[in-house]
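Notes to accompany the following structure.
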Amino acid sequence: IQGEGVGLIQIDGTTGSGQSVGVTGEDEIWGLTAAFGRLYGLTSGGRVVEIDPFTGATTLIHSYPGVSFYGAASTPAR
């Protein structure tokens with residue numbers, strides 16, 4: 001939805017079908033990672049946000065001025 005941020009979509013791993021969860025309020029989330037039982041997004045504007053997996057709403061964790069994120073990773077132990 002333009003002006004409201006990117007949407008969070010939940011994909012069924014068995015069927016491949018997708019269902020809209022909600023709008024994040026963030027533009028250009030280029031990396032997603034799950035760690036410590038939470039979902040995080042990283043933006044091209046250098047923001048790290050926690051994403052509510054049930055609504056798509058985000059909470060700013062930290063902003064890194066002058067940094068762009070274009071991916072994310074996590075280890076299986078997390």
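The values are calculated or read from the model by the stated rules, or taken from the named source; none is laboratory data. Source: prediction; values computed, not measured. Virtual Cβ from ideal backbone geometry, glycine too; neighbours counted across all protein chains shown. What goes into the accessible areas is simple: the full protein's heavy atoms, side chains included, and nothing from ligands, DNA or RNA. Shrake-Rupley method; radii C 1.70, N 1.55, O 1.52, S 1.80 Å.
Does Y70 fit the bill of being over 12 Å from L8 (Cβ atoms), of a type in the set (F, W, Y) and modelled with pLDDT of 90 or more? No.
Here the range 2-17 is the region considered, the condition is being more than 16 Å from the chain's Cα centre (by Cα) and not acidic (D, E), and the residue that is modelled with the lowest pLDDT is Q2. Once the range 49-78 is narrowed to residues that are open to solvent by 80 Å² or more (accessible area, probe 1.4 Å) and in a strand (DSSP E or B), the residue that is farthest from V23 (Cα to Cα) is H62.
If you take the residues in the range 47-67 that are touching a residue at least 24 places away in the same chain (Cβ under 8 Å) and in contact with a Phe, Trp or Tyr (Cβ under 8 Å, 6 or more places away or on another chain), which one is farthest from I11 (Cα to Cα)? Going through the qualifying residues, I end up with V49.
The residue that is most open to solvent (accessible area, probe 1.4 Å), among those in the range 2-48 that are hydroxyl-bearing (S, T, Y) and assigned to a loop (DSSP other than H, G, I, E, B), is T14.
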